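First up is the structure itself, then whatever we jot down about it.
No lab work stands behind these numbers, since they all come straight from the coordinates. Since the structure is predicted, the reported quantities are computational estimates derived from the model, not experimental observations. So basically every Cβ, Gly included, is an ideal-geometry build from the backbone, and we count neighbours across all protein chains shown.
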Amino acid sequence: MSEATAVVTGGASGIGAATARRFALSGMRVAVVDLNREAGEALANELGGGASFHSCDVGDPDAVERVAHAIEQEGPPVRVLFTSAGLIANAETVLDMDMEAHERVWRVNYLGTVHACRSFGRRMTQRREGAIVTVSSINSFMPLPLPAYNPGKAAVSRLTQLLAVELGRHGIRVNSVAPTYVMTPPLRARMDAGLRDEKKMMAVHALDRLPAPQDIAEAVFFLCSDAARAITGVTLPVDSGWLAAVSYKTFAGGVPWTE
Ligand SMILES: NC(=O)c1ccc[n+]([C@@H]2O[C@H](COP(=O)([O-])OP(=O)(O)OC[C@H]3O[C@@H](n4cnc5c(N)ncnc54)[C@H](O)[C@@H]3O)[C@@H](O)[C@H]2O)c1
């Protein structure tokens with residue numbers, strides 16, 4: 001995959017940055033697309049290999065289109081798109097939620113994914129090669145009290161399926177990863193502010209460790225590799241067993257081995 005570019009939206013921090021590093025390690029040129037210029041430029045410098053940074057709000061379709069054009073002009077063809085740009089939200093009710101913040105979350109998390117998949121997907125279809133991975137969440141499978149974030153992630157998973165079918169006939173695969181809690185800067189800040197409880201978090205996983213950003217990066221790398229050539233349209237949980245444990249560990253009759 002050396003003569004190819006991997007584009008990572010939200011690549012300046014957290015899961016996106018870890019994934020940018022993983023693709024750079026494989027020899028691909030990496031293009032980091034993010035709002036955070038300082039961190040994005042620092043990462044592009046660190047990665048080397050012709051890596052570039054592009055300042056862009058993924059919520060703005062024209063800006064995404066301009067960046068897609070620029071990236072295609074400056075380096076080898078884009079074979080990988082990972083759409084990690086996103087905002088994390090706090091618990092609220094549907095009746096009282098802040099509608100301005102609600103719209104912002106949808107614009108970045110859902111529409112930002114749509115915009116990137118359209119701009120880069122159109123170019124991939126012309127070459128009939130490429131792999132796209134979006135970022136969903138464990139809460140796309142089950143409800144959490146995050147009324148903008150949670151339905152938005154469910155929508156990203158469904159969008160991923162639509163795109164998998166639409167682009168599959170052009171030889172392009174589209175999958176999603178669904179992480180559980182990953183200790184990235186926004187989650188760490190919420191823990192420090194008392195907005196997430198570590199004990200509650202750890203009590204609902206099968207494993208006693210949460211995934212690191214690198215664990216998500218490895219799953220994305222696999223989904224984009226030839227080893228996953230028969231996989232498209234899936235949302236892959238990378239969740240330390242959250243999906244298995246969350247109902248098991250809250251069984252009304254108690255959990256036998258903890259009684
Ligand atoms: N950390 C977790 O626990 C967790 C769990 C499940 C899913 N996710 C998802 O993973 C993705 C990455 O989150 P993270 O935890 O790495 O957060 P992060 O804040 O470390 O990284 C997100 C990056 O997106 C960028 N960004 C935000 N809005 C943008 C915009 N409008 N245009 C361009 N870039 C923008 C930020 O500047 C930042 O660099 C998000 O979609 C998030 O919802 C995170």
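Data overview
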| read-out | value |
| --- | --- |
| Residues within the stretch 231-254 that are over 14 Å from ASN139 (Cβ atoms) and either in contact with a strand residue (DSSP E or B) (Cβ under 6 Å, 6 or more places away or on another chain) or not hydroxyl-bearing (Ser, Thr, Tyr) (or both), tallied | 13 |
| Count of the stretch 113-155 residues which are closer than 23 Å to PHE222 by Cβ, more than 10 Å from the ligand (Cβ to nearest atom) and in a loop (DSSP other than H, G, I, E, B) | 3 |
| When residues of the stretch 75-99 are limited to those that are out of contact with any strand residue (DSSP E or B) (no Cβ under 7 Å at 6 or more places or on another chain) and within 15 Å of the ligand (Cβ to nearest atom), the one farthest from ILE216 (Cα to Cα) | ALA91 |
| Residue satisfying all of: in the stretch 1-58; within 12 Å of the ligand (Cβ to nearest atom), part of a helix (DSSP H, G or I) and among the aliphatic types (A, V, I, L, M); farthest from the chain's Cα centre (by Cα) among these | ALA42 |
| Count of the stretch 169-227 residues which are within 27 Å of GLY130 (Cα to Cα) and exposed (fewer than 12 other Cβ atoms within 10 Å of the Cβ) | 3 |
| Enumeration of residues in the stretch 167-192 that are more than 15 Å from the ligand (Cβ to nearest atom) and not β-branched (Val, Ile, Thr) | LEU167, GLY168, ARG169, HIS170, GLY171, ARG173 |
| Subset tally (residues that are out of contact with any helix residue (DSSP H, G or I) (no Cβ under 7 Å at 6 or more places or on another chain) and farther than 16 Å from PHE82 by Cβ) for the stretch 36-60 | 11 |
| Checklist (1) over 23 Å from ALA228 (Cβ atoms); (2) near the ligand (Cβ under 10 Å from one of its atoms) applied to GLU65, failing item | (2) |
| Residue tally, condition in contact (Cβ under 8 Å) with a residue 40 or more places away in the chain and either at positive phi or among the charged types (D, E, K, R) (or both), over the stretch 58-73 | 3 |
| Unique residue being in contact with a strand residue (DSSP E or B) (Cβ under 9 Å, 6 or more places away or on another chain) and not basic (Lys, Arg) when the list is GLU46, GLU72 | GLU72 |
